[in-house]
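Below: one structure, written as structure tokens.
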Amino acid sequence: MTEQKEITKQQEGCCHRTKERSEREYKDLIHRLNRIEGQVRGIRGMVERDAYCPEILTQVAAVSAALGSFNKVLLANHIRTCVADDIREGRDETIDELLNTLQKLMR
């Protein structure tokens, strides 16, 4: 990495960091998101067809559970890779970032 890119990266802070994912992790996350997207489109179709409310609510609960599962997988991958690597390299500020993220997830 050039010196200028390193300086720019440091100035941007954590909000502009990226993560290189393995092909397996990438495919798993995209597959999960595609399923969730399909479920949401299905809910929209149910509303457009005037489906009975409890049926729609059941599907919304399924989407919520799928998003929760996506979050758990993404968080676990993040802790195993980014957080662990940063701690090993002495970047303890990553712990605060993780705590802030967990607080947001628990709202």
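The values are calculated or read from the model by the stated rules, or taken from the named source; none is laboratory data. Every value quoted in this text rests on a predicted model; they were computed, and no experiment measured them. No Cβ is skipped: glycine too gets one built from the backbone with ideal geometry, and neighbour counts run over all protein chains shown.
Of all residues in the range 1-40 being exposed (fewer than 10 other Cβ atoms within 10 Å of the Cβ) and over 27 Å from ARG80 (Cα atoms), which is modelled with the highest pLDDT?
Only one residue fits best here, namely GLU3.
Out of all the residues in the range 84-94, is one or more within 24 Å of ARG24 (Cβ to Cβ), surrounded by 11 or more Cβ atoms within 10 Å (Cβ to Cβ) and within 14 Å of the chain's Cα centre (by Cα)?
The answer is no, given that none of the residues of the range 84-94 is within 24 Å of ARG24 (Cβ to Cβ), surrounded by 11 or more Cβ atoms within 10 Å (Cβ to Cβ) and within 14 Å of the chain's Cα centre (by Cα).
Can you list residue pairs whose Cβ atoms sit under 6 Å apart, with the first residue in the range 91-102 being free of Cβ contacts under 8 Å to residues at least 12 places away in the same chain and the second being surrounded by 14 or more Cβ atoms within 10 Å (Cβ to Cβ) and of a type in the set (D, E, K, R)? Count only pairs 6 or more apart in sequence or on different chains.
none
Whether any residue in the range 38-50 is charged (D, E, K, R) and under 14 Å from the mean Cα position of the chain (by Cα) is what I want to check.
no
Counting only residues that are of a type in the set (D, E, K, R) and within 28 Å of ASN100 (Cβ to Cβ), which one in the range 51-82 is farthest from the chain's Cα centre (by Cα)?
My answer is ARG80.
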